[in-house]
């Protein structure tokens, strides 16, 4: 039998605490920084998501992508 690792191991807890500490520092430094980061994240997602949907649907056989003619 293989041993299953717990959902909250040491690495996960350390990374979570570091993220929480950095977010707290950002909020204390300037209240608009988290909103600025969220806006940038959503802009990247809006740029990448249409291409991902097209490629994934083409891979699944739902839509055919145009091919390059030589």
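Residue 46: surrounded by 10 or more Cβ atoms within 10 Å (Cβ to Cβ) and modelled with pLDDT of 80 or more, yes or no? Lay out the reasoning, then the answer.
Numbers: surrounded by 10 or more Cβ atoms within 10 Å (Cβ to Cβ): no; modelled with pLDDT of 80 or more: yes.
For residue 46, the condition - surrounded by 10 or more Cβ atoms within 10 Å (Cβ to Cβ) and modelled with pLDDT of 80 or more - is not met.
With 41, 51 as the choices, which residue is in a helix (DSSP H, G or I), at pLDDT 85 or above and either surrounded by fewer than 10 Cβ atoms within 10 Å (Cβ to Cβ) or touching a strand residue (DSSP E or B) at 6+ places or on another chain (Cβ under 6 Å) (or both)? It would help to see each step written out before you state the result.
On the way: 41 fails: either surrounded by fewer than 10 Cβ atoms within 10 Å (Cβ to Cβ) or touching a strand residue (DSSP E or B) at 6+ places or on another chain (Cβ under 6 Å) (or both).
Going through 41, 51 in turn, just one is in a helix (DSSP H, G or I), at pLDDT 85 or above and either surrounded by fewer than 10 Cβ atoms within 10 Å (Cβ to Cβ) or touching a strand residue (DSSP E or B) at 6+ places or on another chain (Cβ under 6 Å) (or both): 51.
Anything in region 15-36 that is part of a helix (DSSP H, G or I) and over 19 Å from the mean Cα position of the chain (by Cα)? List them, or say none.
Pass one, region 15-36, residues part of a helix (DSSP H, G or I): 15-29, 33-36.
21, 24, 25, 26, 27, 28, 29 - these are the residues of region 15-36 that are part of a helix (DSSP H, G or I) and over 19 Å from the mean Cα position of the chain (by Cα).
Could you tell me whether region 5-26 includes any residue that is at positive phi, exposed (fewer than 10 other Cβ atoms within 10 Å of the Cβ) and modelled with pLDDT under 75? Walk me through how you get there before you give the answer.
Just the residues of region 5-26 that are at positive phi, to begin with: none.
No: zero hits.
The values are calculated or read from the model by the stated rules, or taken from the named source; none is laboratory data. Since this is a predicted model, take the numbers as computed values, not measurements. Please note: Cβ atoms are built from the backbone with ideal geometry, for glycine as well, and neighbour counts cover all protein chains shown.
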